[in-house]
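The values are calculated or read from the model by the stated rules, or taken from the named source; none is laboratory data. Since this is a predicted model, take the numbers as computed values, not measurements. Virtual Cβ from ideal backbone geometry, glycine too; neighbours counted across all protein chains shown. What goes into the accessible areas is simple: the full protein's heavy atoms, side chains included, and nothing from ligands, DNA or RNA. Shrake-Rupley method; radii C 1.70, N 1.55, O 1.52, S 1.80 Å.
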Amino acid sequence: SPSVARMDETLAFTRMPEVYAAALRLRDAGADEGAIADELGMEREAVAPLLRVAAAKLDALLAQEDATA
């Protein structure tokens, strides 16, 4: 269900480095790469790779949770 998926995602966010979780939260809230860069104090060019790594970490954490459930 969507609410269970959101709970799993929220829990996974607590298990990843804050910069990755913050970037994903900002993206999910509709922030563009410029806004994410400004908020996190980084170069705009670094945002896309950061988001790719963050999404991979999130997917790995969610898969880990699914495997143990």
Quiz prompt | Distant-in-sequence amide H partners of residue 42 (H built 1.01 Å from N, under 5 Å) | solution = none
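Let's test the formula: R0 of 35 Å, r as the Cβ-Cβ distance of residue 43 and residue 10. What FRET efficiency results, to the nearest 0.05? Please report the intermediate quantities before stating the final value.
Values: r = 28 Å, r/R0 = 0.81.
In this case the efficiency is close to 0.80.
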Quiz item: If you roll a 1.4 Å probe over the chain with all protein chains in place, what percent of the accessible area is carbon or sulfur?
Solution: 55 percent
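Among residues other than residue 47 whose Cβ falls under 13 Å from its Cβ, what is the net charge (Lys/Arg +1, Asp/Glu -1)? Before the final figure, lay out the partial values.
Values: positive: 27, 44, 52; negative: 32, 33, 38, 39, 43, 45.
Combined, the nearby Lys, Arg, Asp and Glu give -3.
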Practice problem: Average the reciprocal distances over every distinct pair of alpha-carbons in the chain, invert the result, and give the Kirkwood radius in Å. | Solution: 12.5 Å
Practice problem: Check each of the trypsin sites (Lys or Arg not before Pro) in segment 9-69 and keep only those in coil by DSSP with at most 13 other C-beta atoms within 10 angstrom; list them in order. | Solution: 15
